[in-house]
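The values are calculated or read from the model by the stated rules, or taken from the named source; none is laboratory data. These numbers were taken from a predicted model, which means no experiment stands behind them. Ideal geometry is used to build each Cβ from the backbone, glycine not excepted, and the neighbour counts take in all protein chains shown.
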Amino acid sequence: MAKQAQDLFLRINEAICYWLGFQVQIGRSSLIHEASLRYPIADAITSGPIGINQIQLEFLHPHFLRKRLDIVVLQDQSDNQLEMAFELKLAKATTSRPYQDEHQRVFNDIMRLAL
């Protein structure tokens, strides 16, 4: 399983690098929104043994009303059992400043992933 996880991580990493390279080539200096990374990541995940029907974008969180997970991989396409979950965040110019709302958003996402 560790080899599969490493392969998946490498595929996701390469997809993000290619996507960011494309953004540079078209003259974009920053991404429009963190959501723009969902598709290259989902495509990278499904390039291996995980089927496209196992991927869900903006999946309703099983424990929090009106909260969604950016990307989930279901164990089985006919079931809502999560195998993996991803939350995406882009660092902003204000992310490193103390006492920013962004810190709370990142913390909230980490806590939702933990549950």
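For this structure, a couple of remarks:
Every residue, every condition in (1) touching a residue at least 40 places away in the same chain (Cβ under 8 Å); (2) surrounded by 13 or more Cβ atoms within 10 Å (Cβ to Cβ); (3) on the phi > 0 side of the Ramachandran plot; (4) more than 18 Å from the chain's Cα centre (by Cα), yes or no:
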{"site": "Val73", "(1), (2), (3), (4)": "no, yes, no, no"}
{"site": "Gln81", "(1), (2), (3), (4)": "no, no, no, no"}
{"site": "Asp101", "(1), (2), (3), (4)": "no, no, no, yes"}
{"site": "Asn108", "(1), (2), (3), (4)": "no, yes, no, no"}
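- Residue tally, condition assigned to a helix (DSSP H, G or I) and either closer than 24 Å to Phe59 by Cβ or in contact with a helix residue (DSSP H, G or I) (Cβ under 8 Å, 6 or more places away or on another chain) (or both), over the range 11-41: 16
- Breaking point among (1) assigned to a helix (DSSP H, G or I); (2) closer than 15 Å to Asp70 by Cβ; (3) aliphatic (A, V, I, L, M), for Leu8: (2)
- Residues (closer than 23 Å to Gln75 by Cβ, among the aliphatic types (A, V, I, L, M) and either in contact (Cβ under 8 Å) with a residue 60 or more places away in the chain or surrounded by fewer than 13 Cβ atoms within 10 Å (Cβ to Cβ) (or both)) located in the range 1-58: Met1, Ala2, Ala5, Leu10, Ile52
- In the range 75-101, the residues that are outside any loop (DSSP other than H, G, I, E, B) and within 22 Å of Gln4 (Cβ to Cβ): Leu82, Glu83, Met84, Ala85, Phe86
- Any hit, the range 57-69, residues being within 14 Å of the chain's Cα centre (by Cα), farther than 19 Å from Ala114 by Cβ and not in a loop (DSSP other than H, G, I, E, B): yes
- Yes/no for Arg112 being touching a residue at least 24 places away in the same chain (Cβ under 8 Å), assigned to a helix (DSSP H, G or I), surrounded by 10 or more Cβ atoms within 10 Å (Cβ to Cβ) and out of contact with any Pro (no Cβ under 7 Å at 6 or more places or on another chain): yes
- Single residue of the range 33-54 satisfying the filter (of a type in the set (Val, Ile, Thr) and either modelled with pLDDT of 90 or more or out of contact with any Asp or Glu (no Cβ under 9 Å at 6 or more places or on another chain) (or both)) that is nearest to Gln6 (Cα to Cα): Ile45
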